[in-house]
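See below for the structure under consideration.
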Protein chains: 2
Amino acid sequence: MPQLSQRAYSMPASPIRKLAPYADRAKEAGRKVYHLNIGQPDIPTPQTMLNYFRNLSLKVIAYSPSGGLWEYREKLTEYYRRFDIALSKEDILVTTGGSEAIIFAMMVTMNPGDEIIIPEPFYTNYNGFAVEAGVRVVPVTCRAEDGFRLPSIEKIREKITERTRAILICNPNNPTGYVYSWEELEQLRQLVADHDLFLIADEVYREFVYDDATFHSALHLKGIEERVVVVDSVSKRYSACGARVGCLVSRNRELLEAALKLGQARLSPPTLEQLAAMAAIDTPESYIQQAREEYRRRRDVVFQALQQVPGVVGLKPKGAFYTIVGLPVDDAEKFCIWMLESFHDQNETVMLAPASGFYATPGLGKREVRIAFVLNVQAMQRAMALLQKALREYPGRL
Amino acid sequence: MPQLSQRAYSMPASPIRKLAPYADRAKEAGRKVYHLNIGQPDIPTPQTMLNYFRNLSLKVIAYSPSGGLWEYREKLTEYYRRFDIALSKEDILVTTGGSEAIIFAMMVTMNPGDEIIIPEPFYTNYNGFAVEAGVRVVPVTCRAEDGFRLPSIEKIREKITERTRAILICNPNNPTGYVYSWEELEQLRQLVADHDLFLIADEVYREFVYDDATFHSALHLKGIEERVVVVDSVSKRYSACGARVGCLVSRNRELLEAALKLGQARLSPPTLEQLAAMAAIDTPESYIQQAREEYRRRRDVVFQALQQVPGVVGLKPKGAFYTIVGLPVDDAEKFCIWMLESFHDQNETVMLAPASGFYATPGLGKREVRIAFVLNVQAMQRAMALLQKALREYPGRL
């Protein structure tokens with residue numbers, strides 16, 4: 001049998017889905033598993049979006065233009081204006097989910113062998129896209145004890161080599177929930193200008209900031225308009241992860257033209273979902289407010305529960321719906337597997353994502369997990385009670 | 001402004017969409033343009049599929065498993081059984097359109113710098129995917145005067161080097177309409193076995209064969225099960241190009257596991273469309289029969305018209321809904337542009353795809369165009385009458 005490619009073997013297994021076989025076996029054994037391991041929200045998709053499908057009058061599900069339907073791109077400019085981001089429709093390229101926007105951004109800004117700096121812990125699939133694009137991820141470590149804010153700009157500058165082409169941030173951050181301050185963005189602005197880099201900002205959690213935090217877009221930065229590329233998606237905003245509609249936003253027309261060629265190769269993003277996402281832009285503002293409020297409540301449930309466990313390290317995140325917490329265990333992956341294999345309470349258990357897969361630096365995150373606030377308050381409460389009990393009973397407890 | 005990547009500049013412009021600005025200007029000038037340049041069928045999507053959306057009862061448009069919904073994969077095995085192809089659901093990985101199946105197939109079988117042999121003229125986006133995957137396309141020329149059948153197997157063998165990893169065929173063929181004989185497939189079987197290669201077969205036009213032609217799948221070949229990778233899509237079968245649902249089929253589990261990792265990075269193919277495509281498998285057989293009959297009639301219209309033009313070279317294709325024809329003109333691209341810019345009859349004109357972009361060998365296809373049979377019989381008749389008139393009036397006529 002012929003050999004597969006080297007990159008096939010280099011693709012990282014998804015740490016979020018890595019423990020899925022254990023969860024499957026737990027379910028086969030009749031156990032209920034609370035899934036806090038994956039960012040699949042349970043918030044209903046807005047009616048504006050669902051109604052588009054229900055009232056479908058198209059006769060043919062045809063290709064859209066490769067860069068997306070122009071009427072949808074026009075409508076998206078209205079959406080961005082709500083965040084004081086002035087765009088024209090030519091600044092937007094519709095993609096098949098935020099995922100495709102990331103791979104397009106990497107492919108058009110970097111050659112194989114080039115380097116991209118990413119603050120860690122980071123959204124684990126950046127690794128997979130980097131393998132596909134043949135680029136090297138250079139991590140800059142952010143620490144729980146610093147609330148996961150960026151290290152000093154000089155620490156980041158030290159990582160820049162002649163192969164560095166871009167810095168990639170996720171803001172609000174998955175998996176830490178950190179929301180970048182304006183000062184941090186300004187520092188990044190200086191850095192990319194000084195070193196002739198691109199700044200790629202994954203802002204798919206833009207709507208989800210809590211308490212006194214304010215979201216600032218990389219598109220607000222002045223003077224580096226040609227360097228900024230924003231990755232966006234309707235997945236979390238409208239709880240429509242399976243719609244696969246995202247976009248790439250940049251005022252750098254040459255970059256978008258290049259990305260369009262990648263888009264032309266794959267022909268078209270999903271057509272009906274673009275029209276549904278277009279309808280979703282008219283969703284009443286109360287929908288987002290309620291979703292935000294709901295995520296905030298869930299976060300509070302998680303933090304109230306974690307505070308009761310001695311040895312847990314973690315801060316209340318200000319954004320997104322994830323958090324990375326340090327647990328008083330020997331090894332977080334072992335603990336997560338143990339919860340699925342050997343632990344249950346009234347036939348129920350919890351699935352978390354071990355955090356080491358979110359770090360590029362070997363050895364980091366070994367005692368950390370990512371918790372996603374994707375279940376309703378009652379389910380979150382039950383899941384956290386299960387976690388508390390599991391932490392008491394786990395043989396590898398520190 | 002920072003430089004884009006080399007691959008961004010290497011991405012070929014789509015020859016199918018290349019003349020779009022000329023068409024746009026013709027339309028702005030009030031002209032009606034018959035689009036025979038793109039494979040966007042006008043056949044209605046079956047009600048089975050549309051009704052899935054109309055009756056939508058899901059509350060959340062959630063991710064599907066990265067390899068696709070298991071119930072859809074199971075249902076697909078039923079579809080393949082109709083072609084005497086026995087598969088289990090684990091042999092199928094659902095992709096975002098056939099496009100993604102092609103890039104996944106290239107990425108998992110080839111390293112950057114490896115070579116893939118493709119009979120030319122070929123579906124032009126193979127070039128774009130090859131640039132993305134960093135692999136080199138090595139063409140084997142098929143000729144109109146041979147009906148676009150494969151050249152002798154020894155001619156193909158000559159192209160094999162130590163970097164060759166795969167042979168890619170499209171069967172029935174876009175853009176030639178050629179349907180591979182069992183003997184040709186057997187020869188390819190021998191070749192891939194002799195030289196330790198993969199055989200990637202793009203079979204998205206499987207349903208569309210005419211007259212006495214019989215479709216044979218690469219999945220029918222015995223003894224090379226681990227080497228065969230089939231690319232499939234619902235786009236043409238159900239006239240649902242904008243649904244973006246395809247699949248990768250292989251009995252090589254290791255290969256599908258590797259492709260699944262690429263799938264995990266991008267999370268999920270569109271969920272609703274998978275469910276709609278699953279419903280589409282129960283579309284009455286008469287739907288496909290009528291579509292096939294309709295395409296056959298259109299093909300006959302095209303060939304009747306072309307036979308009346310002296311100097312036209314082309315055979316009636318037996319499959320798909322395209323044909324490559326040689327025209328008695330100095331330069332096919334110039335002729336296509338001239339039709340959009342300078343020609344009209346009662347304010348109507350035609351858009352064709354110049355064929356040179358379908359060849360990898362420079363200089364080939366310069367007097368050829370691809371015609372897609374994607375308009376109804378009456379529109380095809382009118383379009384062909386316009387083409388006949390344009391050929392009489394074109395100043396560069398040979």
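At-a-glance table
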{"quantity": "Ascending list, in nanometres, of distances separating the B:Pro362 label from those of the other copies (7 Å, Cα toward Cβ)", "calculated": "4.7"}
{"quantity": "Computed over region B:295-353: relative contact order in percent, which uses C-alpha pairs under 8 Å that are six or more apart", "calculated": "22"}
{"quantity": "Region B:330-398: C-alpha pair distances exceeding 19 Å, %", "calculated": "33"}
{"quantity": "Efficiency of FRET from Cβ geometry, A:Glu74 and A:Arg143, R₀ 45 Å, rounded to 0.05", "calculated": "0.55"}
{"quantity": "Dimensionless Rg/Rh of chain B - Kirkwood Rh, Rg from C-alpha atoms", "calculated": "0.96"}
{"quantity": "Cα pair count fraction exceeding 38 Å, expressed as % - the protein assembly as shown", "calculated": "41"}
{"quantity": "Qualifying GluC sites (Glu not before Pro) for region A:229-292 [loop in DSSP, other Cβ within 10 Å: at most 10]", "calculated": "none"}
{"quantity": "Whole-number D in µm² s⁻¹ for region A:240-388, Kirkwood Cα-pair radius fed into Stokes-Einstein, 37 °C, 0.692 mPa s", "calculated": "177"}
{"quantity": "Shortest-first distances to equivalent copies, position A:Asp330, nm, label 7 Å out along Cβ", "calculated": "8.2"}
{"quantity": "Cα→Cβ-extended label distance, 7 Å offset, between B:Lys59 and B:Lys334, nm", "calculated": "6.6"}
{"quantity": "Computed Rg/Rh of region A:279-339, alpha carbon atoms with Kirkwood Rh", "calculated": "1.15"}
{"quantity": "For B:Arg143, B:Arg382, order by how many other beta-carbon atoms lie within 10 Å, fewest first", "calculated": "B:Arg143, B:Arg382"}
{"quantity": "Translational D in µm²/s for region A:47-280 (Stokes-Einstein at 37 °C, 0.692 mPa s, Kirkwood Rh from C-alpha pairs)", "calculated": "182"}
{"quantity": "Region B:148-222: GluC sites (Glu not before Pro) falling in loop per DSSP and having at most 16 other Cβ within 10 Å", "calculated": "B:Glu158, B:Glu162"}
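Just so you know, all these numbers are worked out from the coordinates, no wet-lab data involved. Everything numeric here is computed off the predicted structure, so don't read it as measured data. Positions of Cβ are backbone-derived with ideal geometry, glycine not excepted, and every protein chain shown enters the neighbour counts.
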